[in-house]
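One structure below.
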Amino acid sequence: MSEVAKLAGVADGTVFYNFRSKEELYLAVLQAFRDAIRGALDDYRAAHEFADGLAMVEGLVCFYIELADDMAERFLLLHRYDSYKIAHSNPTFRKHLEDIYDCIVDAFEEAILRGQRDGSLSLCRHAGRH
């Protein structure tokens, strides 16, 4: 925690006043990351109109790749073993990890369901092409 305070340019007491442990600090980082992803997805969907579900899926794939590049350091948190080790014993932490993945999956699910409804995506559309 002292190293975090030093990197942030604040007194150790400031960090300990706001976060009682490294886990609590990590959780706050995950919450902010989740909110940033949700906000970015909401902004993207509000700013774009899609001809159909397939176009929405394609747009989301491009958007996700750009987002992962723009937030590369934060996305690395999702790939660290520490995150899952903590999540194994901390239900709150696990819930925040799930929320991050869920907001991404929900956006793709919405696009896929739209594509199935409008006929631009079909489970049988590419059958036989492996």
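Table for the structure above
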{"read-out": "Label corresponding to volume of the Cα convex hull per residue in Å³ when calculated from the structure given, among (1) 117; (2) 173; (3) 146", "value": "(3)"}
{"read-out": "Among Arg20, Arg34, Arg94: highest mean-square fluctuation, GNM of the chain, C-alpha pairs under 10 Å", "value": "Arg20"}
{"read-out": "Aspartates and glutamates with Cα under 20 Å of Lys6, excluding same-chain neighbours fewer than 8 positions away", "value": "Glu23, Glu24, Glu73"}
{"read-out": "At least 20 Å along the helix axis (C-alpha) and Kyte average at least 0.5, DSSP helices within the chain", "value": "53-70"}
{"read-out": "Segment 55-105 - Rg and Dmax from Cα coordinates, angstrom", "value": "12.9, 40"}
{"read-out": "Partner lysines for Lys95 [C-alpha distance under 26 Å; skip if fewer than 8 residues away on the same chain]", "value": "Lys22, Lys85"}
{"read-out": "Cα-only Debye scattering, segment 7-56: base-10 log of I(q)/I(0) at q = 0.16 Å⁻¹", "value": "-0.63"}
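No value in this document is a laboratory result; all are computed from the given coordinates. What you are looking at is a predicted structure, and each value in this text was computed from that prediction instead of being measured.
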